[in-house]
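Heads up: the structure comes next, in structure tokens.
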Amino acid sequence: MNAINGKRLETWLKELAQFGLNEQGGIDRSIGSQADLDARNYLKTLWQDMKLDIRTDGIANLWATCPGTEAGLKPIAVGSHHDAVPNGGKFDGAMGVLMATEVLKTMQESGIRLRHPYTVVSFTAEEPNPFNLSTMGSRSITGKITQEMLRQAKNEEGRKLEDAIRCAGGDIARLPGNCLKPGDLDAFIECHIEQGRNLYDRNLSVAVVSRITGIYREIITVTGEANHAGTTIMANRHDAQLGACELSLILEDVVKRVNRRDVVATVGKMNVYPNSANIISGHVELIMEVRTPDRKILDNILKEFQMRLKEVETRRGVYFERKVNLDQAEVVMDDQVKQALAAGCSMVQPEPAELVSMAGHDAVHMSHIGKTGMLFVQSVDGISHSNREFTRMEDIEKAANALLQAVLRLDQESGKKEIQE
């Protein structure tokens, strides 16, 4: 069996991690920063040495392609993203980009030519960033973010996103001509650290992702009655903050009783008004989020949540106004890609493993373009988006070898029916 060069991949990971490395050992590498530009140049240098066809699209996604041997076949694309959250980790998306590169390098050294073109991709701004448009590269290239949204986006200092994209080699004006359509790719595979502790707790290296969770968010306004904190007796209070706190506890209770590791909920932001020590709060704004891979579970959670909020409204004399601001359905990974990844994993790990991704990824949006799958690699202690993020090289090597075998299998199986027809 052909095997990837683990030492080389480790060297690449260490070299790429130098761009944006801070004093805490974390990575600061957001879109438009010098670290972002340096990382892009590093990747392009690697790909130039491999004699790949490199292009930067309108939103500054990077694509590096090796041609296939059969005409008419669509590319198999593999990759992730190279940006990082502030004080983020060295692995996250960067590992997936470099792993995809190492798989191709190994094939080149072994004299393996795929039937399909093989493309390494590094997406722009997957992470939350100062321009407030996450999964920017994959959403833009699949037509989910309009040119107008991109042109209007600025950071807190007033810098236009359009200028940051131009510095990175893109041009928003070119984006319509670069957008991908369903069928433009044969398949897309994203390799990523798990960012949870399922694999760590089971002492496993890799898992095939079965689906990517749905994400549901509401902006909820709690209206009570502001009043003097010293002169209003407890029985006469309509405290919006206490209503919001009770809402949070109700949400926690409803979701805990579902009793599934792949169903979670959070109240992650809360603004209290007037936010004074001597005034009972009259108004609270918060964001509620539920993540689940099953729409029926979400519907049941929301039904019970609403019923219990009605009881709080009656008892506390407060009012909840709810507005949905995100309802992103779960995305099921393609069966053929899952089977190829599972076959690859079986060659490096005796015990099969399949997980739901509880975080969103570029694969969500690429699933509309071609057959899509994901491979997870163990995160030590489940830590991610932190300078303490760590993934062991032995696990990365296993994942890269599994990916190599999956790509070889997909290349042989995919596209044959279309050619016969």
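Pairs from the table (K144/K303; K256/K296; K51/K90; K105/K398; K44/K105) lying more than 23 angstrom apart at Cα are K144/K303; K51/K90.
Put a dot 7 Å past the Cα of R55, heading toward its Cβ, do the same for R388, and the two dots end up 4.4 nm apart. Charging the Cβ of each Asp and Glu at -1 and of each Lys and Arg at +1, and nothing else, the dipole of the chain about its Cα centre rounds to 360 debye. Of all DSSP beta bridges confined to the chain, the antiparallel ones make up roughly 70%.
Were the residues from H228 through V332 laid out at 0.36 nm apart, the gain over their Cα-Cα distance would be 32.2 nm. Applying 1/(1 + (r/R0)^6) with r as the Cβ-Cβ distance of T45 and N132 and R0 = 30 angstrom yields a FRET efficiency of 0.45. Sorting C191, C179 on solvent-accessible area from highest to lowest, probe radius 1.4 Å, gives C179, C191. Rounded to the nearest 500, the 222 nm mean residue ellipticity of the chain from helices alone is -11500 deg cm²/dmol, with -39,500 (n - 2.57) taken per DSSP H run of at least 4 residues. Using the average count of surrounding beta-carbon atoms within 10 Å as a protection proxy, the listed peptides 269-280, 378-389, 247-258, 127-138 rank, highest first, as 127-138, 378-389, 247-258, 269-280.
The residues of the chain present an accessible area of 44 Å² per residue when probed at 1.4 Å with all protein chains retained. When the residues T56, T372 are ordered by accessible surface, computed with a 1.4 Å probe over the protein chains alone, the sequence from largest down reads T56, T372. Karplus-based coupling profile of the range 246-254, in residue order and whole Hz: 5, 4, 4, 5, 5, 4, 4, 5, 4, with θ = phi - 60° in 6.51 cos²θ - 1.76 cosθ + 1.60 and x standing for Gly or Pro.
How would you classify the range 15-102 from its alpha-carbon gyration tensor, with a ≥ b ≥ c the square roots of the eigenvalues: rounded for a/c under 1.5, else prolate if a/b is greater than b/c, otherwise oblate? Taking the square roots of the gyration eigenvalues as a ≥ b ≥ c, the range 15-102 is prolate.
Scoring 204-210, 334-340 by mean Cβ neighbours within 10 Å over their residues and listing the highest first yields 204-210, 334-340. With the cut-off at 1.5 for a/c, could you classify the range 235-285 from its C-alpha gyration tensor as rounded, prolate or oblate? Cα axes put the range 235-285 in the prolate bin. Report the net charge of residues surrounding Y273, where surrounding means a beta-carbon distance below 13 angstrom and charges are Lys +1, Arg +1, Asp -1, Glu -1. Residues close to Y273 contribute a combined charge of -3. Candidate cross-link partners of K154 among the aspartates and glutamates, defined by an alpha-carbon separation under 14 Å and a same-chain spacing of 8 or more, comprise E162, D163. The accessible surface of the chain, taken with every protein chain in place and a 1.4 Å probe, is 48 percent carbon and sulfur. Positive-end ranking of L199, S30, G72 along the dipole of the chain, with charges on Cβ about the Cα centre, is headed by G72. The percentage of C-alpha pairs in the range 113-203 whose separation is greater than 21 Å is 44%. The angle between the Cα long axis of helix 92-110 and the main principal axis of the chain comes to about 10°, on a 0 to 90 degree scale. Only the Cβ atoms of Lys and Arg (+1) and of Asp and Glu (-1) were treated as charged; on that basis the dipole of the range 90-211 about its Cα centre amounts to roughly 240 debye.
The values are calculated or read from the model by the stated rules, or taken from the named source; none is laboratory data. Note that the structure is a prediction, hence the values are computed from the model and not measured. When we count neighbours, we look across all protein chains shown, and the Cβ atoms used for this are built from the backbone with ideal geometry, even at glycine. Note: accessible area is taken over every heavy atom of the protein model, side chains too, but ligands, DNA and RNA are not part of it. Shrake-Rupley method; radii C 1.70, N 1.55, O 1.52, S 1.80 Å.
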